[in-house]
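The values are calculated or read from the model by the stated rules, or taken from the named source; none is laboratory data. Note that the structure is predicted; figures quoted are calculated from it, not measured. Because the Cβ atoms are built from the backbone with ideal geometry, glycine has one as well, and the counts that use them run over all protein chains shown. Note: accessible area is taken over every heavy atom of the protein model, side chains too, but ligands, DNA and RNA are not part of it. Shrake-Rupley method; radii C 1.70, N 1.55, O 1.52, S 1.80 Å.
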Amino acid sequence: QANFKDSGLGKTTDVGSYPANAWGFHDLHGNVWEWTADWHGNYPAGAVNDPSGPETGSNRVSRGGGWNLNGRDLRSSNRLGFTPDYRNFGLGFRLSLQILPPEPEPPAPGENYVGGSGLEMIWVEPGTFTMGSPASEPDRGTGETQHEVTLTQGYWLGENEVTQALYEEVMGVNPSQFKGPELPVEKVSWDDAIAFIQKLNQRELDAGRLPEGIGYSLPTEAQWEYACRAGTTTAYSFGASITSIDQANFKGSGLNKTTNVGSYPANAWGFHDLHGNVFEWTADWHGNYPAGTVSDPAGAETGSYRVYRGGGWTTDGGNLRSAIRSRNTPVLRNFNLGFRLSLQIQE
């Protein structure tokens, strides 16, 4: 019936030497133990669909018994766990061939896109807007000179700030002070954000979700403000002032911490938390705005400080304005500073 200790052979036998079961499989009892894909763990108490074992563990499961074991070890339900690097003369494996779920389609300009790990990117059409703030705007800061900007190419921008779940999935660490998978990642420097983007791009390319010539990046300062304003000219995308603590997470909200991304209403183009929650790094070096009309500005060519935008949970309402600009060194890490992804057609 099977090759096991009582067979007296003292060794493995050619596969298929013993009768197949009712479905045509040989040696599922005996000959050698067989590795499975699962980490070892307790079975669930109730009914389940398509179980694949625990998400993590120390030992992988092997099944079926082998030539050197007693008959009871060949039972259909018997389980053993070994470390994944374990090797033994009674341990082998059997192949499975499975239909894998289809990979998401590469993004198409003009359409929103859901990337790996459910990363939701909203398409932003090219257009022209007035960047900066008028001299009459309350709480106006320095360096907000109004000027006309034309963005000649569309791009995708993350519906939400990058979450801790995604950051940890890609980088293997979570530097944030306030822990929670759907909270925005914070305490990340500009350099950290770039390192994350490099790893994310490679992962998505390897998975076939990004064609050559399209890649994740930080948005430019102009792209960020264009999406934040979402067609408005007021100090905030929701009006001339903050009139309710339900509009954004800022100092006046009294929460004194970050909130899950998407907890506050989206602007007219579907973006959440461009005002408040955490400041967001942009791609640009800080520099003075140009005096005239420009197309596709990318900030100063060099500098000492990178720009971040949007205000955070620690700031007053005036620091959440669409035009507000902040800056610091690319190595700064702070508990109210994170980032949002852009997905762009690379030239």
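Give region 104-115 a look and list any residue that's within 21 Å of Tyr167 (Cβ to Cβ) and either open to solvent by 60 Å² or more (accessible area, probe 1.4 Å) or not in a loop (DSSP other than H, G, I, E, B) (or both), or say none.
Within region 104-115, Tyr113, Val114 meet the criteria.
Among the listed residues Leu74, Leu69, which satisfies the condition of being more than 22 Å from Leu97 (Cα to Cα), in contact with a helix residue (DSSP H, G or I) (Cβ under 6 Å, 6 or more places away or on another chain) and not aromatic (Phe, Trp, Tyr)?
Selected residue: Leu69, the only one of Leu74, Leu69 that is more than 22 Å from Leu97 (Cα to Cα), in contact with a helix residue (DSSP H, G or I) (Cβ under 6 Å, 6 or more places away or on another chain) and not aromatic (Phe, Trp, Tyr).
Give Gly118, Gly132 a once-over and let me know the one that is in contact with a His (Cβ under 9 Å, 6 or more places away or on another chain) and either open to solvent by less than 40 Å² (accessible area, probe 1.4 Å) or not charged (D, E, K, R) (or both).
Numbers: Gly118 fails: in contact with a His (Cβ under 9 Å, 6 or more places away or on another chain).
Exactly one of Gly118, Gly132 is in contact with a His (Cβ under 9 Å, 6 or more places away or on another chain) and either open to solvent by less than 40 Å² (accessible area, probe 1.4 Å) or not charged (D, E, K, R) (or both), namely Gly132.
Name every residue in region 185-196 that is hydrophobic (A, V, I, L, M, F, W, C) and open to solvent by 10 Å² or more (accessible area, probe 1.4 Å), in order of residue number.
Trp190, Ile194, Ala195
Just for region 53-91: of the residues that are open to solvent by 80 Å² or more (accessible area, probe 1.4 Å) and farther than 28 Å from Lys5 by Cα, which one is modelled with the highest pLDDT?
Within region 53-91, the match that is modelled with the highest pLDDT is Ser58.
(1) over 19 Å from Pro184 (Cβ atoms); (2) of a type outside the set (Lys, Arg); (3) open to solvent by 40 Å² or more (accessible area, probe 1.4 Å); (4) in contact (Cβ under 8 Å) with a residue 24 or more places away in the chain: which one isn't true of Asn319, the others all being true?
Just one mismatch for Asn319, condition (1).
Quick check: is even one residue across region 4-12 free of Cβ contacts under 8 Å to residues at least 40 places away in the same chain and open to solvent by less than 50 Å² (accessible area, probe 1.4 Å)?
The answer is no, given that none of the residues of region 4-12 is free of Cβ contacts under 8 Å to residues at least 40 places away in the same chain and open to solvent by less than 50 Å² (accessible area, probe 1.4 Å).
Could you list all residues from region 325-343 that are more than 9 Å from Phe279 (Cβ to Cβ) and surrounded by fewer than 20 Cβ atoms within 10 Å (Cβ to Cβ)?
Correct list: Arg327, Asn328, Thr329, Pro330, Val331, Leu332, Arg333, Phe335.
Please go through region 265-276 and give me each residue that is within 21 Å of Ala240 (Cβ to Cβ) and either open to solvent by less than 30 Å² (accessible area, probe 1.4 Å) or in contact (Cβ under 8 Å) with a residue 40 or more places away in the chain (or both), ordered by number.
Ala266, Asn267, Trp269, Phe271, His272, Asp273, Leu274, His275, Gly276
Look at region 290-312 and say how many of its residues are in a loop (DSSP other than H, G, I, E, B) and open to solvent by 30 Å² or more (accessible area, probe 1.4 Å).
13
Taking region 79-106, which residues are under 20 Å from Pro54 (Cβ atoms) and in contact with a strand residue (DSSP E or B) (Cβ under 7 Å, 6 or more places away or on another chain)?
The answer is Arg79, Leu80, Gly81, Phe82, Pro84, Phe93.
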